[in-house]
Amino acid sequence: MGISASHHNASVCIVRDGELCVAIQEERLSGQKRRGFAAADSNLSVPYCLETAGIAPADLDMIVVSTAGFTADNPRNDLRLNAQLCPIVHSTPHLTIPHHLAHAISSYALSGFNEAAILVVDGLGSPFRDLTADEKAQVARSFPDGWEHTSLYHARGRSLRCLEKHLTPDRQWLKANGTGMSSFFSFGAMYSAVATQIFGDPLEAGKVMGLAPFGRSTYEPNAFFFPSGREFVFRDEVTQAFRHPERWPNRQDDYKNLAASVQAALGDAVLDLATRLQKLTGSTRFCYAGGVALNCTINEALHGSRQFSEIFIPPAAEDSGVAIGAAYFGLWELTGEKAETPRLSSDTTGKRYSHNLLSQLASPQIFNVVIKPNRSDTLQEAAERLATGQVCGWLEGGSEFGPRSLGKRSIFADPRGPSMKAKLNTLKGREAFRPLAPIVLLEKASEWFEAEPPLSSPFMLRNWRVKPEAVRTIPAVVHVDNTARVQTVSRLDSPVVWDLLTRFESLTGIPLLVNTSFNIAGEPIVEDPEDAIWSFLGLHLDFLVIEGAIVTRSGTETSILDTIPSLTRINVLSIARGENGYHLVETMPNSASGIGGQSSLCRLSDHQMEILRLIDGKMDGWALLETIRTNSKRMNSELLEKAIVLLRRQRLISLDVASFSVNEAKDTPAETSLNRPYTDAEQ
């Protein structure tokens, strides 16, 4: 078992017989976006993984932890105190490895390579004292309490050798400067400082990437940093230009240019590091991980530089993926070798919910829907609905582990409609400038997009140019610079979605769909069928497909506001008012140690906090709406529905839906392409 004990995007995975068996982020189970935990904390991911793998804690051969945010010797990271795993009781070997080493292994182990150059770039990793002796020897400049932020490795077999490592000074990655833009001391922090200045959140790097093409680079890269020998020196020239607290959508022109500038600066840094790494290793194979590796524009520039003939970036390049690196480190320790494993080509590591599906959906917790059981014409009906402009929620197979929906927990739509992007961004509560991604048949990708070969992008980590003749045909997935963050789908790796795309192409001549994450803004991607139905209702999607069953609203005129919300029991320690709303912190007791601690629970906007305070377990949603409207005329039924769904997903409230029921369509279920056994080729 590998554990990413991180203050954000914590996760657990299990590797069995050399293969990735199951992996899950804590946020998908808790409903609290980017949820973190420490190694000693009880969590939802450990039992989820054990149950999915069909094993007990005593069956684990080794547990490996990689930490971030806390030092390895912090009592909260003492795995011996974990009441769920009890490694002392079960005599389970356990150890802790540095954050960047786990990142490096997570990419290398899944790449299919037996030798590679590896680059890790993020905001902040492990402290100097937790590094291996090999890593400490390669630090470019040491600080008394420095923490890693950039690392270069060379791997051969099961051996990883550190070639160069960069630290932040005295644990600082960001340093607040009053009300203005923060100073930064790492490449990940540089991007996060801009995200904080524009959007008020250091983890909104994806928004900065989406905004950058709207602007022009008005600051040279050396205004952010400059190389000095083996070191990088970070500068305050840009931060001094933003000494105000105004956030988007204010100062739009300034912020578009700032986003473009930091994107260009980060691109220069990564390409420079890749050049260094290639010269140090002479390798033609490149593995890349860390939060910065999710930047599709830079990833495409790496392909275009042709410094390496083969490049691999894992779908979970950010902190959740560290669990995979930890698990493979343990496997290699146990076996003494790196077994040959094929290159990862599909991100579907979660639990499958296909068994007894209808009985699960018929729970009293779900209401106001009609379920048409799995039929032979399910995919054809879905394709026909999409071709008429309907928007579809989609749950099929095990969930994705990484941060992007890749056809397992997705929202699909027709890319031809010029208003579809605005419609989906509005439905999800996203900013209007944010792009939507296409999911396209692998064999047809070259007909619609231009890119450096190979034209394969199974994890939506590349940014391709849309062919000029296609721009007007698929406007919903074309960004302002005529590029698209593409996901390709093969019949072998994703036969069901491949079949859907093929049927959609036969109807429209277009072998691709809009693919965006299945969630309401502020919540994680849905995990299970119950989450999917609530989000389907809250988002007002046209229909939902869950393992071949088509779900639609019933003819009864009911609403989420007909339910009665009640507060659930949580160990809230404090509620702090911050720049972007309210920050809830909870106690994290540990029954084995009694140490406990604090953990960020979630963030709530002003109106979400107001709703939470008014919930009394007696008023239904309509009464709640009228009460809120006495103070806020901007609140309407759709906004309140989305807020209620979000609060339920965050486990802050429960909903009494006793007056509603699920209706099963009278059609006789038939075996379909969604539930039949796969052929050998499809497997």
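Observations, loosely collected:
- Matching residues in the range 156-186 - criterion: being polar (S, T, N, Q) and either closer than 20 Å to K136 by Cα or not in a strand (DSSP E or B) (or both): S159, T168, Q172, T179, S186
- Restricting the range 434-454 to residues that are within 20 Å of the chain's Cα centre (by Cα) and surrounded by 20 or more Cβ atoms within 10 Å (Cβ to Cβ), the residue that is nearest to F199 (Cα to Cα): P435
- Of all residues in the range 417-429, exactly one satisfies the criterion of being out of contact with any helix residue (DSSP H, G or I) (no Cβ under 7 Å at 6 or more places or on another chain) and in a loop (DSSP other than H, G, I, E, B), namely S419.
- Residues that are closer than 19 Å to R285 by Cα and either among the aliphatic types (A, V, I, L, M) or without any contact (Cβ under 8 Å) to a residue 24 or more places away in the chain (or both) were ranked within the range 131-172; the one that is surrounded by the fewest Cβ atoms within 10 Å (Cβ to Cβ) is S159.
- If you go through the range 94-107 and pick out every residue that is touching a residue at least 40 places away in the same chain (Cβ under 8 Å) and over 20 Å from the mean Cα position of the chain (by Cα), you end up with 5.
- Qualifying residue in the range 253-271 (condition: within 26 Å of A102 (Cα to Cα), touching a Lys or Arg at 6+ places or on another chain (Cβ under 7 Å) and not hydrophobic (A, V, I, L, M, F, W, C)): no
- Total residues in the range 371-398 satisfying the condition of being more than 27 Å from the chain's Cα centre (by Cα), under 17 Å from S494 (Cα atoms) and among the charged types (D, E, K, R): the figure is 0.
- Candidates are the residues of the range 59-71 that are modelled with pLDDT under 95 and in a loop (DSSP other than H, G, I, E, B); the one that is surrounded by the fewest Cβ atoms within 10 Å (Cβ to Cβ) is T71.
- Total residues in the range 411-460 satisfying the condition of being in contact with a strand residue (DSSP E or B) (Cβ under 8 Å, 6 or more places away or on another chain), touching a residue at least 60 places away in the same chain (Cβ under 8 Å) and of a type in the set (A, V, I, L, M): the figure is 11.
- Total residues in the range 203-229 satisfying the condition of being modelled with pLDDT of 95 or more, outside any helix (DSSP H, G or I) and not acidic (D, E): the figure is 8.
- Selection status of E527, crowded, with 19+ Cβ neighbours inside 10 Å and modelled with pLDDT under 95: no
- Qualifying positions in the range 513-564 - among the β-branched types (V, I, T) and in a loop (DSSP other than H, G, I, E, B): I520, I525, V526, T556, T558, T563
- Residue among T508, T473, T483 that alone is polar (S, T, N, Q), modelled with pLDDT of 95 or more and under 18 Å from C296 (Cβ atoms): T483
- On inspection, S91 passes the criterion of being more than 30 Å from F185 (Cβ to Cβ), at pLDDT 95 or above and either out of contact with any helix residue (DSSP H, G or I) (no Cβ under 7 Å at 6 or more places or on another chain) or among the aromatic types (F, W, Y) (or both).
- Out of G206, G200, G210, one residue alone is closer than 19 Å to E579 by Cα, out of contact with any helix residue (DSSP H, G or I) (no Cβ under 6 Å at 6 or more places or on another chain), surrounded by 15 or more Cβ atoms within 10 Å (Cβ to Cβ) and in contact (Cβ under 8 Å) with a residue 24 or more places away in the chain. It is G200.
- Complete set of residues in the range 258-281 that are within 14 Å of A205 (Cα to Cα), more than 24 Å from the chain's Cα centre (by Cα) and of a type in the set (S, T, N, Q): S261
- The set of residues from the range 173-196 being in contact (Cβ under 8 Å) with a residue 60 or more places away in the chain, of a type outside the set (A, V, I, L, M, F, W, C) and farther than 17 Å from A317 by Cβ comprises N177, G178, T179, G180.
The values are calculated or read from the model by the stated rules, or taken from the named source; none is laboratory data. Source: prediction; values computed, not measured. Ideal geometry is used to build each Cβ from the backbone, glycine not excepted, and the neighbour counts take in all protein chains shown.
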